[in-house]
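The next block holds one structure in the form of structure tokens; read it before the comments.
Quick note: the coordinates plus some simple rules give every number you see, no bench work behind them. Here the structure is a predicted model, which is why all the values come from computation and not from measurement. Cβ atoms come from the backbone with ideal geometry, glycine included; neighbour counts cover every protein chain shown.
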Amino acid sequence: MAERVVSALIENHKISGAIHQFPEDTLQFDGLVEVPSEDLCDIICDQILKLVPEGMQIDAVGVALPGIVRNGVVEDSPNLGQLKGAKIGAWIAETLQERGRNYPVKVFNDADAVAAGLAATKGQLDRLVRVWTIGNGIGFGRFPYAEGPWEGGHTVVSLDLKENYCGCGGRGHLEGIMGHRAMRLRFMDMEPDEVFAAAKKGDKRCVQFVELWHRALAAATATQIHLEGPGRFYFTGRDINRLDLSLLKEYLWEMVKMSPLQSYTLEVVQENSEVAIIGAAAAAAHVRNG
Ligand SMILES: [Zn+2]
């Protein structure tokens, strides 16, 4: 995750023991974006060593990070820019080896880990699970893993040339409307929480924006439905409380009209780091076994 490192031991899709967190106190911490990638690798390895007593049998280590992750390499990561190009999977495996631990290490996109965690904890490992994570950035996760970048947060949802707030630089992107950083750029005089609060009180500019925010998410979800079919969509993340599910449903209904595509379900899940941790482990075990 972009804000902190959380870790735990997973046994049979359940957390075994305590969840560890770095840093322990996040109040004085600006997030992991300031941490150089080598240091981040060391932090992750320290967490793993803290969790696993020497000699304990471990099937797999799953690490979830924001960005396009392929074959253990972070190919790009707008929200943790220092990781771009980092061969993080090999680094972690080598650093662990230097410390006398020989574990298979698998690296995943963080939203994919959330999708795997939801599939594992809700008994849906045999189904297609898709999730939107609403936080600093907008993540799109999918389980089972399928080859491809799956950068759903950068789905184009607007043709307006003025829509250029996405951290990746692309125009008209979902994250350029819904992302935390993008909202701060759009409303120079208000924080995102203030925008949502003002909308509740009827401030016209903020009401219009909150509608746009929901329309954008509905548009990206509709695109997903038109490409991969209906099914279950989850919505979670740090800023999930900004989501009005009934408004989203109303807009989605306007956008998906072909009857075979209308059997989708939408469900809000409160942000929960346990789900991502369980998912990283489930996905790592799944890759190892499958
Ligand atoms: Zn983008």
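Some observations on this one:
- Cα pair distances of the stretch 206-290 binned at 10 Å [whole percent]: 15, 39, 31, 14, 1
- Antiparallel bridge percentage (DSSP; both residues within the stretch 12-114; nearest 5): 40
- DSSP bridge orientation in the chain - percent antiparallel, rounded to nearest 5: 55
- Span from the the stretch 81-127 Cα centroid across to the the stretch 256-290 one, whole angstrom: 16
- Within the stretch 37-165, the proportion of Cα pairs with more than 19 Å between them is 55 percent.
- Whichever lysines have a C-alpha closer than 30 Å to that of residue 249, once near sequence neighbours (fewer than 8 apart) are set aside: 122, 162, 200, 201, 204, 257
- Residue among 114, 52, 61 with the largest mean-square fluctuation in a Gaussian network model of the chain, springs linking Cα atoms under 10 Å: 52
- Alpha carbon Rg of the stretch 135-221, scaled by the compact-globule rule 2.2 N^0.38 Å: 1.12
- Diagonalising the gyration tensor over the Cα atoms of the stretch 140-290 and scaling each eigenvalue by 5 before taking the square root yields semi-axes of 27, 19, 16 Å, largest first.
- For the chain, hydrophobic long helices are taken as DSSP H runs at least 20 Å long by C-alpha position along their axis with mean Kyte-Doolittle hydropathy of 1.0 or more; none is present.
- Cross-link reach list, lysines versus residue 50, counting only Cα pairs under 21 Å and skipping chain neighbours closer than eight places: 14, 106
- Overall Cα dimensions of the chain, principal axis frame, Å, largest first: 60, 44, 31
- When +1 charges are put on Lys and Arg Cβ atoms and -1 charges on Asp and Glu Cβ atoms, the dipole computed for the chain relative to its Cα centre reaches about 840 debye.
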